[in-house]
1. Looking at this structure, is Tyr122 more than 23 Å from Trp51 (Cα to Cα) and within 15 Å of the chain's Cα centre (by Cα)?
2. Thr55: modelled with pLDDT of 90 or more and more than 13 Å from the chain's Cα centre (by Cα), yes or no?
3. Assess whether Thr46 counts as being more than 22 Å from Ala135 (Cβ to Cβ), surrounded by 19 or more Cβ atoms within 10 Å (Cβ to Cβ) and not acidic (Asp, Glu).
4. Looking at (1) in contact (Cβ under 8 Å) with a residue 24 or more places away in the chain; (2) over 18 Å from Tyr127 (Cα atoms); (3) polar (S, T, N, Q), can you tell me which one Thr87 breaks?
5. How many of the residues making up the stretch 96-119 are in a loop (DSSP other than H, G, I, E, B), among the polar types (S, T, N, Q) and either surrounded by 16 or more Cβ atoms within 10 Å (Cβ to Cβ) or out of contact with any strand residue (DSSP E or B) (no Cβ under 7 Å at 6 or more places or on another chain) (or both)?
6. Out of all the residues in the stretch 122-129, is one or more over 22 Å from Leu17 (Cα atoms) and assigned to a strand (DSSP E or B)?
7. Can you give me the number of residues within the stretch 9-40 that are in contact with a Pro (Cβ under 8 Å, 6 or more places away or on another chain) and not aliphatic (A, V, I, L, M)?
8. Which of (1) under 22 Å from Gly15 (Cα atoms); (2) surrounded by 12 or more Cβ atoms within 10 Å (Cβ to Cβ); (3) of a type in the set (A, V, I, L, M) does Leu69 not meet, given it meets every other one?
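The values are calculated or read from the model by the stated rules, or taken from the named source; none is laboratory data. Only a predicted model underlies this, so the values are computations on that prediction, with no experimental measurement involved. For neighbour counting, all protein chains shown are included, and Cβ atoms are generated from backbone atoms with ideal geometry for every residue, glycine included.
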Amino acid sequence: MIFRTNHASANQLEGLLRLCELDFVPKLSSQVNIADYANKLHLRATRAESWRDQTLTGFVAFYSNRESLEGFISSVCIHPTERGNGTAKLLLANTEKIMAFNSMRRATLEVGVGNLRATKLYEDFGYQKISTDGALIRMEKVLGKGLETLKHE
């Protein structure tokens, strides 16, 4: 597996999002136009990506707020064949290192109340629930000092 930053095209992001659509709670297409969302992630988000051969196997996309020094994780998407092998944890770790390197002090995300698998992953990774608003749980992790920088292709 190879890790890259911002390498995938909008079409590659869209393809993986469609494969993972039912993993989102509620399903992704009920929340956004997937093609438009993939294009937005491609143009505006920073992405930690995993690749096997020439295939995008996962990504974590986030936006940086330079005023609040917060990185907001917008999407975590892992190819079905890569689940359970630690890819999500490696991508989250890479994402946090990129955030810390760019002076972000905390990482935040929102997860569907019914998405128990994702919520457990984030809790196991040190994220804490800070609020619940209807169907969404907002979670936060303070980023530690001394995170080493990454080498990317």
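1. No, not satisfied.
2. Spelling it out, Thr55 is indeed modelled with pLDDT of 90 or more and more than 13 Å from the chain's Cα centre (by Cα).
3. Numbers: more than 22 Å from Ala135 (Cβ to Cβ): yes; surrounded by 19 or more Cβ atoms within 10 Å (Cβ to Cβ): no; not acidic (Asp, Glu): yes.
Criteria not met by Thr46.
4. In the conditions (1) in contact (Cβ under 8 Å) with a residue 24 or more places away in the chain; (2) over 18 Å from Tyr127 (Cα atoms); (3) polar (S, T, N, Q), Thr87 misses (2) alone.
5. We begin by selecting, within the stretch 96-119, every residue in a loop (DSSP other than H, G, I, E, B); these are 102-105, 113-115.
Then keep just the ones that are among the polar types (S, T, N, Q); that gives 102-103, 115.
Filter once more, keeping what is either surrounded by 16 or more Cβ atoms within 10 Å (Cβ to Cβ) or out of contact with any strand residue (DSSP E or B) (no Cβ under 7 Å at 6 or more places or on another chain) (or both): 103, 115.
Number satisfying all stated conditions: 2.
6. Within the stretch 122-129, one or more residues are over 22 Å from Leu17 (Cα atoms) and assigned to a strand (DSSP E or B).
7. Qualifying residue count for the region: 1.
8. If we test Leu69 against (1) under 22 Å from Gly15 (Cα atoms); (2) surrounded by 12 or more Cβ atoms within 10 Å (Cβ to Cβ); (3) of a type in the set (A, V, I, L, M), just (1) comes out false.
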